[in-house]
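Enquirer: There's a structure below that I have some questions on.
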Amino acid sequence: MPTTRFSLAILLLSANIVLTGCNSTQPTRFSIGTDSTTFSENTGSDTGSAGQFWLQDLFPFEYPEAMPEEEASLHDPYIPEDIEGALIERTWPRPSELPDTHSTTSVNTLSDIDIWTRIRLGFQLTPLNNSRIRNQLEWYHAHPEHLPGIEEHARPYLHFIVEELERRGLPLELALLPAIESTFKPSATGPQGAAGIWQIMPDTGKMLGLRQTRWYDERRDVVSATEAALDYLESLATQFDGDWELALAAYNSGEGTVRRAIQKNRELGKATDFWSLDLPRGTKRYIPKLLALARVVEKPEAYGTSLNSIPNQPYFESVDIEADIDLIHAAKMADVSVDELEQLNPGLSPAAKLPQGSNRLLLPVENIEQFKENLAELDPGKHPGTGYVVQPGDSLGKIARRHGTTITAIKQANRLNGSFIRVGMQLRMPESVTVADRSNPAGAGKSDQAKPAGGKTIYRVRSGDTLWSIAQKHQLDYKALAELNGLGVDATLKPGQQLYLQLDLA
């Protein structure tokens with residue numbers, strides 16, 4: 001029958017394609033881009049902890065029709081119908097078809113789209129179909145709330161990352177890599193020491209020239225870490241002849257791990273593409289996670305989720321400053337909360353001054369002008385915060401009370417893990433602590449009792465009072481109120497007990 005002959009022809013053609021792909025030792029699915037980074041998941045890989053923020057134990061969905069993991073095609077129920085059966089057809093333009101995003105014309109053209117559309121337009125990696133990717137897609141479909149959660153963390157950083165990727169001509173799928181590494185949390189720390197949104201290991205950070213001191217961890221600096229991570233990704237892509245799957249595998253588990261797996265397969269006469277290699281379990285999931293996430297971002301409604309629009313414009317700007325200031329003081333000058341400033345400058349402790357030689361501060365775009373105005377009025381010789389040399393008989397508690405601050409603030413300013421100090425030790429002293437500083441640096445709306453001209457503000461506990469109710473009454477942060485008074489956030493208060501609402505230097 002014609003139908004039978006046609007089906008047989010298709011079957012033979014498919015078999016020929018699969019066999020040809022399996023015999024290839026240099027996969028060319030991806031155009032040469034650039035480099036990769038060696039950070040790994042907490043699932044058996046040998047050099048990192050990239051994926052600890054994902055739910056690793058994905059549902060073990062099995063598909064009767066699933067192809068072997070080594071094989072890949074575009075016949076996939078999760079791929080839009082318009083590309084099924086077309087081995088090289090794409091649903092997005094190739095790099096040569098993209099507009100020059102740095103020309104005047106393209107800026108006007110791109111102004112009407114959001115950052116997600118811009119990312120989709122820059123996808124370069126070929127969508128594949130195999131059981132590993134399908135498992136990840138099934139997980140996304142079962143957890144539609146996961147993507148919006150990542151989106152909120154990514155909002156401040158995506159535009160900068162996309163700009164940097166486009167400047168280098170790299171696939172914009174890489175803009176999604178921090179979602180897998182850290183869910184875009186700069187504060188993320190892996191069990192083996194990886195840090196920042198790119199989860200850079202300490203030794204890798206040193207190799208990439210990122211400073212790591214008690215005062216400043218540049219692996220958490222979004223600008224520096226992104227530039228370093230992309231440098232490394234470009235290097236890895238070059239080392240692996242433009243094969244982005246192998247480059248990303250090396251970023252996750254280490255170059256040595258991937259090279260040993262390739263050598264082993266060569267000795268056994270096997271294919272040396274990513275899908276054929278015997279790699280750590282976490283690394284085997286790493287690339288499918290990224291490719292699946294890109295597919296979900298391209299068509300979120302197909303997976304029961306949605307993406308809120310993120311403006312295709314910068315969220316922050318960099319300001320170079322010469323003044324010796326800390327984040328707490330900078331937040332007041334910019335009229336933003338310390339929390340928001342920490343989010344943009346996570347490499348710094350709130351009370352620690354900006355590191356010498358790198359006085360760059362990231363600020364929300366809308367607060368730049370106010371900060372610059374206040375900075376211009378700042379006395380060049382003024383140093384907010386002071387230093388202190390530990391004397392015999394000192395303790396952190398005594399020093400904190402003497403300087404109108406808290407033990408926690410001193411620990412943060414000096415990156416102390418414990419309370420041990422020694423005579424002669426030099427400590428950085430943060431500014432006087434006001435409970436409301438973190439939540440409302442401008443001081444608007446506070447009661448007179450919470451902001452006196454000087455000295456101490458003391459509140460006497462009444463029957464029925466809680467830390468929460470007192471904080472609400474005086475428009476304070478209840479966690480900071482507890483910290484200021486050396487109490488736990490769930491502490492029970494007694495009538496007549498005295499609490500500090502504010503400590504100022506006399």
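The values are calculated or read from the model by the stated rules, or taken from the named source; none is laboratory data. Just so you know, these numbers come straight off a predicted model, no measurement behind them. In this analysis, Cβ positions are derived from the backbone assuming ideal geometry, glycine residues included, and neighbour counts consider all displayed protein chains.
Enquirer: How many residues are in contact with an Asp or Glu (Cβ under 9 Å, 6 or more places away or on another chain) and part of a loop (DSSP other than H, G, I, E, B) when one looks only at region 241-268?
Expert: 2
Enquirer: Across region 317-353, which residue is modelled with the highest pLDDT among those that are assigned to a strand (DSSP E or B) and closer than 18 Å to Thr405 by Cα?
Expert: Ranking the candidates gives Asp326 first.
Enquirer: I would also like to ask the following. Take region 192-223 and flag every residue that is crowded, with 23+ Cβ neighbours inside 10 Å, closer than 19 Å to Pro156 by Cβ and out of contact with any Lys or Arg (no Cβ under 6 Å at 6 or more places or on another chain).
Expert: Ile197, Trp198, Gln199, Asp217, Arg219, Arg220, Asp221, Val222
Enquirer: Just to be sure before I move on: is Gln449 outside any loop (DSSP other than H, G, I, E, B) and at pLDDT below 50 in the structure I sent?
Expert: yes
Enquirer: Name every residue in region 167-189 that is in a helix (DSSP H, G or I) and surrounded by 20 or more Cβ atoms within 10 Å (Cβ to Cβ), in order of residue number.
Expert: Those that are in a helix (DSSP H, G or I) and surrounded by 20 or more Cβ atoms within 10 Å (Cβ to Cβ): Leu172, Glu173, Leu174, Ala175, Leu176, Leu177, Pro178, Ala179, Ile180, Glu181, Ser182.
Enquirer: Taking region 269-288 only, how many residues are in contact (Cβ under 8 Å) with a residue 24 or more places away in the chain and outside any helix (DSSP H, G or I)?
Expert: 6
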